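Contents: one structure, followed by commentary.
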Amino acid sequence: MTTVVTGATGHVGANLVRALLQRGALVRVLVHRDITPLHGLDVDMVYGDVCDLGSLLRCFSGADVVFHLAGHIAITSRGDQNTEAVNCMGTANVVRACKDRRVGRLVHFSSIHAVVDVERDSLVNEECLLADGPRDAAYDRSKARGEKIVRDAIDAGLDAIVIAPTAVVGPYDFRPSFVGRILLALAKGRLPVIMSGGFDWVDARDVAAGAIAAAESAVPGRKYLLAGSWRSLPEFANAVARVTGVAAPHVVVPRVLAQACSPLAEGAWLLLKRQPLYTSYSVHALSGHRHVSRERAAAELGYAPRPFEETIRDTCLWFEEYGFLARGTCLEAGR
């Protein structure tokens, strides 16, 4: 079987490609620019872009399964010009190419952010509404619209599955993700203050395993939330501290205060022409999606995410091995 992965050089994509190769799959990847995360891997590369239908048609020719991970992440409320183009138009192109090339199954990666916020103590599951209202952030709306495009195609007969991970952390984070950059800042002692609030964190390797299980055994049209476990940001920082020995921040700012100050902080990051870690959108995200159900994935896919502490340890060790952290950063206990 020939398996195609879009977004293969991203964090989850790099883990998924490695998991597929370990299972003996013939893997073809759609690559855009940087192929560093794929160096040394036995994959067939097709250069292209999800916004270029012609490149997708070339890439999907003869494919049995397509994993569509390519997306544009934005952590500001307004997003940017690529948010809609990649997450919506790109997904529409993927659907069209799957139909044209008669792909056996599409596994579409949505996001927990595509789901509308529920009340603080309410359960988030696959039946929750999509965040497609005018008050929702641009990224959330784009992922919701991309998911709806796939859902409409399913209703029209396409064999497709929807995967929605929570906040992803884990190894093979070659272009450190938003969560990866927070972890690195903590491991280097460069984050003296942290906010209250938290999120459901899931290991990239577990997301990859869940997606493969869905591709192999899910009923057409099913959606799965791939969650891990909820931890507060201070708990996240303490987990990093136990692996690295670098003290966690002693100052915890209440989320309400952080939200009030976020526009100034976001502006400062932009003036410095650096990717922000702290925006009004990121603060808002830390207040929602606390209770995310993984019951459907567990029952139907055998999905069983590993312990949070194991993920933090392995991620720190990988960052050290790859050179993002200095040698010796991780304590012997972390090894």
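The values are calculated or read from the model by the stated rules, or taken from the named source; none is laboratory data. Not measured: the values here are computed from a predicted model. All Cβ positions, glycine included, derive from the backbone under ideal geometry; neighbour counts span all protein chains shown. The protein model used for the area step is the full one, side chains on, heavy atoms only, and it has no ligands, DNA or RNA in it. Shrake-Rupley method; radii C 1.70, N 1.55, O 1.52, S 1.80 Å.
Angle, helix 11-22 long axis vs. longest principal axis of the chain, Cα atoms, 0 to 90°, nearest 10?
The angle comes out near 60 degrees.
Within region 98-177, which chymotrypsin sites (Phe, Trp or Tyr not before Pro) sit in a loop by DSSP and count at most 11 neighbouring Cβ atoms inside 10 Å?
Loop-located and lightly packed - none at all.
Under a 5 Å amide H to amide H cut-off, with H placed in plane at 1.01 Å, what residues pair with residue 229 once short-range neighbours are removed?
201
Net charge around residue 298, counting only other residues with Cβ within less than 13 Å of its Cβ (Lys, Arg = +1; Asp, Glu = -1)? Walk me through the intermediate numbers first.
Working: positive: 294, 296; negative: 126, 206, 295, 300.
With Lys, Arg at +1 and Asp, Glu at -1, the net is -2.
Looking at region 183-218, which trypsin sites (Lys or Arg not before Pro) are DSSP coil and have at most 16 other C-beta atoms within 10 Å of their C-beta?
Values: sites: 188, 190, 205; in loops: 188, 190.
Of the trypsin sites (Lys or Arg not before Pro), the ones in loops of region 183-218 whose Cβ has at most 16 other Cβ atoms within 10 Å are 188, 190.
In region 83-133, what GluC sites (Glu not before Pro) fall in a loop by DSSP, with at most 10 other Cβ atoms inside 10 Å?
Counting only loop positions with at most 10 other Cβ atoms within 10 Å, the GluC sites (Glu not before Pro) in region 83-133 are 119, 127.
Taking amide hydrogens as modeled 1.01 Å from N in the peptide plane, which residues meet the under 5 Å criterion relative to residue 5, leaving out close sequence neighbours?
The list, which skips near neighbours in sequence, is 28, 29, 30, 67.
Could you work out what % of the accessible surface of region 154-222 is carbon and sulfur, using a 1.4 angstrom probe and leaving DNA, RNA and ligands out of the count?
Within region 154-222, the accessible surface is 56 percent carbon and sulfur.
Please check: in the Gaussian network model of the chain (C-alpha springs, under 10 Å), which one of 27, 253, 124 has the largest mean-square fluctuation.
253
With springs only between Cα atoms under 10 Å apart, run a GNM on the chain and tell me which of 161, 73, 35 wobbles the most.
Of 161, 73, 35, the most mobile in the Gaussian network model is 35.
Under the rule of at least 5 residues apart or a separate chain, name every residue whose amide H is placed under 5 Å from the amide H of residue 74.
So residue 74 has HN proximity to no qualifying residue.
Would you mind working out the accessible area per residue for the chain, using a 1.4 Å probe, and quoting it in Å²?
Per-residue accessible area for the chain comes out at 45 Å².
Counting only pairs 8 or more residues apart or on different chains, how many lysine pairs in the chain have their Cα atoms under 30 Å apart?
Count of close lysine pairs: 7.
May I ask for the net charge around residue 154, where only other residues with Cβ less than 12 Å from the Cβ of residue 154 are counted and Lys, Arg are +1 while Asp, Glu are -1?
Overall, the nearby charge balance is +2.
Using alpha carbons only, how many degrees (0 to 90, rounded to 10) separate the axis of helix 233-244 from the longest principal axis of the chain?
That helix lies at roughly 80 degrees to the long axis.
Sorting check: for 197-203, 146-152, which peptide has the highest mean count of neighbouring beta carbons within 10 Å, and how do the rest follow? Mind showing how you got there, number by number?
Working: 197-203: 23.9, 146-152: 21.0.
In descending order of packing, they fall as 197-203, 146-152.
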